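Visitor: Below are the structure tokens for one structure; questions will follow.
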Amino acid sequence: MGRMACTDVRALPLQILLRAHPEWQGCAVAVVEEDAPHSPVLWVNERARRAGILPGLRYATALSLAHDLRAGAVSASEVAHTIETLAVRLRRFAPGIEPSAAEPGVFWLDGSGLDLLYPSPADWARAVRQDLQRVGFRASVAVGFTRFGTYAVARSHDGVIVFDDPYSEQETARRVRLAELDTDPDLRDALDRLGVRTVDDFLRLPLEGVRERFGPQAHRLHQMASGDLPAPLRPLPEVRPVQRRLVLDNPETDRTRLLFAIKRLLAPMLAALGSRGQALVELELRLRPDGARWRTHNIRPASPTLDELRILDLVRLRLESEVGNRGSVGYSEIVLTARGTDAPAEQVGFFPAHPHRDLEAADRALARLRTEFGEAAVVRAVVCDGHLPEAQFAWEPIDAVTLPRPGVGMPAAVRRIFSKPIPLPSPPRDVRDDGWLILGVEGGAVTDLWGPYVVSGGWWRREVHREYYFVRTKRGHLLWVYYDRVRRRWFWHGRVE
């Protein structure tokens, strides 16, 4: 039988959070869905677990159990990027890598054919684990013969464990507690009430009875654990990026000549991507100043493309900001790396459609802005769940323009909220006094004031008590202000138009 291994980077989102906040080491730490009091806890470390904090609790409840709890949210994009990065590292140790689609941090590795590279399977597994430790991830590695057996052992054991035969792997896997596997909580609780707590207890149940009582998910788990459902490795195909390198005879300072040098490299790279049925999604441009460190620039077109002129236009914009600001600095070496994706149907169309509102042209404009001013230059506001008004929206990068979908019955008055409240001068003793020049002489004195509308809370992090008012000035301005009782100051938070 061929060798198979399972690497479990335990609680991957939690490890990502701890890598971002190394000062939290030694504290009770939890990953929450979002930074809100009623947000559920998703992952916890051992110290938080000892305090009674378990996944599923609300953030506010967890804080009542451990007042020194440190918590944060980890986005799905961060997890996906980390999985992709770890898969690239693991590919150096195995020809086939399959990340789990259901459990972030679980990888199956093809361990066959490595006898000539490593003295033993244990040495190979230790090399895998040590490589992950070098980049800050704690993992366990189980080397065996079956998908379920290696998975169950890796989930329940720390460090490295290697099996010499399928029988010993099966015996060890049967002793694993169901609570240590990623099983459905309702299923786990129902089995626990029946006294079924280990894989061996579960396998003693009749297969058809499991399907009838607990459903298809439990039935599939039973089949995999018993070996009745073979699940061969389905490794991700390795697609290497297309790369070209050019060493210049003399350091080049002119950006036009640099652009033509890049053009000579780019044309065959796009041809190579096209032969794969791919289009360019990102171009990494690396320039080496004479006698200095590499300078790296990532250029992303608005959509996957093989249009050389469009890509060169973005490169030109980047060179204008890079070379133009460097003065007489000369570049002695150029490296281009092109990453592709499956080409969309529009790439092969003879007669592309051009609607009245050309979204593709808008996307190209956004790509030019990102290239010239940085990735964070083009954003849009999105609605979030937050306790305070400024936390009820956030800015996220926008990659593509979509057609507007106007609502029905849009109110005439729109409240414009500032992302950061503006401090105001102190009012007279009576805020309803018409002597309060809230916007200065130009805005006129306050004539009307409605409120207060109290927003309070924040005890889970920092106490907040605000008294909001709508204020009308003599010049007709309608403002949204509040008095912060904790800070004892007035702030201007928005405008009604």
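The values are calculated or read from the model by the stated rules, or taken from the named source; none is laboratory data. Quantities reported herein were computed from a predicted structural model and do not represent experimental measurements. Glycine gets a Cβ as well: all are built from the backbone with ideal geometry, and neighbour counts include every protein chain shown. Calculation scope for accessible area: heavy atoms of the full protein, side chains included, ligands and nucleic acids excluded. Shrake-Rupley method; radii C 1.70, N 1.55, O 1.52, S 1.80 Å.
Visitor: Given the -39500 (n - 2.57) contribution per DSSP H run of 4+ residues, what per-residue ellipticity at 222 nm results for the chain, rounded to the nearest 500 deg cm²/dmol?
Guide: Taking each H run of at least 4 residues, the total per residue is -9500 deg cm²/dmol.
Visitor: For TRP43, enumerate residues with amide H under 5 Å from its amide H, sequence gap 5+ or separate chain, H modeled in the peptide plane.
Guide: Amide H neighbours of TRP43, under 5 Å, 5+ apart: VAL31.
Visitor: What order do you get for 83-93, 150-160 when each peptide is scored by the mean count of other beta carbon atoms within 10 Å, highest first?
Guide: Top of the packing list down: 150-160, 83-93.
Visitor: Where does the charge balance sit around PRO423 when Lys and Arg score +1, Asp and Glu -1, over other residues with C-beta under 13 Å from its C-beta?
Guide: For residues surrounding PRO423, the net value is +3.
Visitor: Follow-up. Binning at 10 Å from 0, report for the stretch 114-160 what percent of all alpha-carbon pair distances ends up in each bin.
Guide: Spelled out bin by bin, the stretch 114-160 gives 28, 51, 22 percent.
Visitor: Which net charge results when you count Lys and Arg as +1 and Asp and Glu as -1 among the other residues whose beta-carbon is under 12 Å from that of ALA139?
Guide: After counting each charged neighbour, the total is +4.
Visitor: Then there's this: For Cα pairs less than 8 Å apart in space and 6+ apart in sequence, what is the mean separation divided by the residue count of the chain, i.e. the relative contact order in percent?
Guide: Relative contact order here is 9 percent.
Visitor: The stretch 439-497: which trypsin sites (Lys or Arg not before Pro) are DSSP loop and have at most 14 other beta-carbon atoms within 10 angstrom?
Guide: Of the trypsin sites (Lys or Arg not before Pro), the ones in loops of the stretch 439-497 whose Cβ has at most 14 other Cβ atoms within 10 Å are ARG461, ARG462, LYS474, ARG475, ARG485, ARG487, ARG488.
Visitor: Could you give the nm distance between label points at ARG91 and GLU78, where each point is 7 Å from its Cα heading toward the beta carbon?
Guide: 2.5
Visitor: In nm, to one decimal, how far is the modelled label at ALA101 from the one at ALA391, with both set 7 Å along Cα→Cβ?
Guide: 3.6
Visitor: Could you list the GluC sites (Glu not before Pro) in the stretch 6-58 that lie in coil according to DSSP, counting only those with at most 16 other Cβ atoms within 10 Å of their Cβ?
Guide: Here the sparse-neighbourhood loop sites are GLU33, GLU34.
Visitor: Right, something else. Sorted by average packing, counted as other Cβ atoms within 10 angstrom per residue and highest first, what order do 294-304, 380-390 take?
Guide: Most protected by this proxy first, the peptides run 294-304, 380-390.
Visitor: Hey, another quick one. Give me the accessible area per residue for the chain, probe 1.4 Å, as a whole number in Å².
Guide: Per-residue value: 57 Å².
Visitor: Given 0.36 nm per residue, what is the gain on full extension from TRP24 to ASP254 after removing their alpha carbon distance, in nm?
Guide: Value of the extension gain: 78.0 nm.
Visitor: Can you tell me how much longer the chain between GLU375 and ASP228 gets when fully stretched, taken as 0.36 nm per residue apart minus their C-alpha distance, in nm with one decimal?
Guide: Taking 0.36 nm per residue and subtracting the Cα distance, the gain is 47.9 nm.
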